[in-house]
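Okay, structure first, notes after.
The values are calculated or read from the model by the stated rules, or taken from the named source; none is laboratory data. None of these values were measured; they are calculated from a predicted model. Neighbour counts run over all protein chains shown; Cβ positions are idealised from the backbone, glycine included.
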Number of protein chains: 2
Amino acid sequence: MCQLMGMSANVPTDAQFSFTGLIERGGGTDIHRDGWGIVFYRGRGIHEFRDPQPGFDSDIARLVKVSGIKSKTVISHIRRANVGNIRIENTHPFVRELWGNYWTFAHNGQLRGAKKELALGRFRPVGTTDSEHVFCWMLGRISAAFCDRPDSGKKLSRLIADLSAQLNEFGVCNFLMSDSRFIYAHCSSRLHWITRRAPFGVARLKDLEMTVDFSAETTEKDVVTIIATEPLTRDERWHLIDKGKLMIWKDGRTQSF
Amino acid sequence: MCQLMGMSANVPTDAQFSFTGLIERGGGTDIHRDGWGIVFYRGRGIHEFRDPQPGFDSDIARLVKVSGIKSKTVISHIRRANVGNIRIENTHPFVRELWGNYWTFAHNGQLRGAKKELALGRFRPVGTTDSEHVFCWMLGRISAAFCDRPDSGKKLSRLIADLSAQLNEFGVCNFLMSDSRFIYAHCSSRLHWITRRAPFGVARLKDLEMTVDFSAETTEKDVVTIIATEPLTRDERWHLIDKGKLMIWKDGRTQSF
């Protein structure tokens, strides 16, 4: 299994605190040592960092922790391999371009039979994971349904919800997907979220001794949502997404569809 | 204008020496300070690093220099912006997936009118450069011609040579493109290359005081080709690619087609 972390914010925000907590589980406080990756959107472009090495002992992860990169949309993943060897092409998040946007996808779970049964369209996996296969399948279905981004966000969201429900039939399918503005989060077993806004307080990581006073780092207008397989902090109330539900965030706020 | 650097080798090789020389020109010894990027293939997967900051003063570039990542195929670029703002989505190399391989592209030159005249297929630019536009155009043409990778490398090489000749009509088109195994290098004004093999000697960078004794870093069987806009070393004989010519390397060796 693996663990996921995503961030959606209404202003470019440093994800260092959450990434530091997550990456410690990449062989330090937990067993997800088979590689890791993170994508930071900066406007339409992306910074991506990944490594098949354990995250808690990766030079690239150390750089990411101190890089100070600010972003409104972040997706990250630490891997414990089941399907697919420990190789860089099997690290999440996976990235593809659709409609002139980079789409990214990170997955936690196993989808038995999905590679055989879900026929691919124009997007093909580079590695051998079931996760990359289902991402390519979803994008193929989305691009077949809409030549260009549909004017209605609702239509797209409903299609993604429908595809997620189909994936759920194959097993465990917790995922985070983004097109740069939206984060689509599907929960089939465990996926938590928390939204922080004024008045901001102090938070303490679960996995190592690190505390941050968000009131010193933010303005009153900031809205920042963190999504994670398991809560990253103590002393805060995280919400569990209902099983089988797709949630969507943009600028830190949930979107209805 | 910009500068390009590529490496093709028959064994995974550290590109640190060449990258160190190139990145110094990103605001240090030369004016290409509007961002940089590098893609290292590791098998089918890629490590990519990019930054809109000047390369000679980038924390991410400093990490790349000491990372010790070994690769058989590398493409790198330092940018001096003309078309397209200084933003991360406009940094080269650009990356797209085709036939289950990551294709990368870096370009030096300006192609006037290309964005208007070259109609895109299924690949779309994320940023605003003419370079990304022509990469998307080429991949669109390649994917329209071949649903899957053709058995004959010759057919694909001839199509890429034909597309390159069409691009040449729009202005200056020096580029490096790779699908992980091959590097396609087109020269319309300046692009140099050098192949190093046994007996290996000592080389000295042009742009800063750094010398390497390749005989201490290699075995007798190693073949390593470096391609660069301007020669990166003194005391070695670099070759200029003929104007209008496409050259192809695999495992460090030139390929005929």
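Might you check whether a residue that is within 20 Å of A:ILE75 (Cα to Cα) and within 13 Å of chain B (Cβ to nearest Cβ) occurs anywhere in the range A:104-117?
yes
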Name the residues in the range A:50-90 that are β-branched (Val, Ile, Thr) and within 25 Å of A:LYS250 (Cα to Cα), would you? A:VAL64, A:ILE69, A:THR73, A:VAL74, A:ILE75, A:ILE78
So which residues in the range B:51-80 are within 20 Å of B:SER180 (Cα to Cα) and in contact with a His (Cβ under 7 Å, 6 or more places away or on another chain), if there are any at all? B:ILE69, B:HIS77
How many residues are within 12 Å of A:ILE194 (Cβ to Cβ), hydroxyl-bearing (Ser, Thr, Tyr) and within 16 Å of the chain's Cα centre (by Cα) if we restrict to the range A:209-253? 1
Taking the range B:182-208 only, how many residues are surrounded by fewer than 21 Cβ atoms within 10 Å (Cβ to Cβ) and polar (S, T, N, Q)? 2
Has the range B:197-208 got at least one residue that is modelled with pLDDT of 95 or more and either under 21 Å from B:PHE94 (Cβ atoms) or among the hydroxyl-bearing types (Ser, Thr, Tyr) (or both)? no
Condition first: among the small types (Gly, Ala, Ser) and either under 16 Å from A:ASN174 (Cβ atoms) or touching a residue at least 40 places away in the same chain (Cβ under 8 Å) (or both). Now tell me which residues in the range A:187-212 satisfy that. A:SER188, A:SER189, A:ALA203
Do we find a residue being over 19 Å from B:ILE226 (Cβ atoms) and out of contact with any helix residue (DSSP H, G or I) (no Cβ under 6 Å at 6 or more places or on another chain) anywhere in the range B:10-33? yes
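Condition check ((1) over 18 Å from B:THR91 (Cα atoms); (2) among the β-branched types (Val, Ile, Thr); (3) away from chain A (no Cβ under 14 Å)) across all residues:
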residue	(1), (2), (3)
B:PRO125	no, no, no
B:THR128	no, yes, no
B:ALA144	yes, no, no
B:GLY153	yes, no, yes
B:ASN168	yes, no, yes
B:PHE175	no, no, yes
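Examine the range B:79-98 for a residue that is free of Cβ contacts under 8 Å to residues at least 24 places away in the same chain, closer than 28 Å to B:PHE146 by Cα and within 14 Å of chain A (Cβ to nearest Cβ), and state whether such a residue exists.
yes
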Filtered residue count, the range A:114-131, keeping only those that are surrounded by fewer than 16 Cβ atoms within 10 Å (Cβ to Cβ) and assigned to a helix (DSSP H, G or I): 2
Taking the criterion of being away from chain B (no Cβ under 14 Å) and aromatic (Phe, Trp, Tyr), would at least one residue in the range A:55-70 satisfy it? yes
When you scan the range A:7-51, how many residues do you find that are more than 14 Å from chain B (Cβ to nearest Cβ), farther than 22 Å from B:HIS47 by Cβ and assigned to a strand (DSSP E or B)? 8
I'd like the full set of residues that are among the small types (Gly, Ala, Ser) and within 13 Å of the chain's Cα centre (by Cα), limited to the range A:72-108. A:SER76, A:ALA106
Looking only at residues in the range A:83-105 that are among the polar types (S, T, N, Q) and buried (at least 21 other Cβ atoms within 10 Å of the Cβ), which one is nearest to B:CYS136 (Cα to Cα)? A:THR104
Counted residues in the range A:33-57 being over 18 Å from A:GLU89 (Cβ atoms) and either surrounded by 24 or more Cβ atoms within 10 Å (Cβ to Cβ) or not acidic (Asp, Glu) (or both) come to 8
Being crowded, with 19+ Cβ neighbours inside 10 Å and either out of contact with any Leu (no Cβ under 9 Å at 6 or more places or on another chain) or among the aromatic types (Phe, Trp, Tyr) (or both) narrows B:PHE146, B:PHE135 down to just B:PHE135
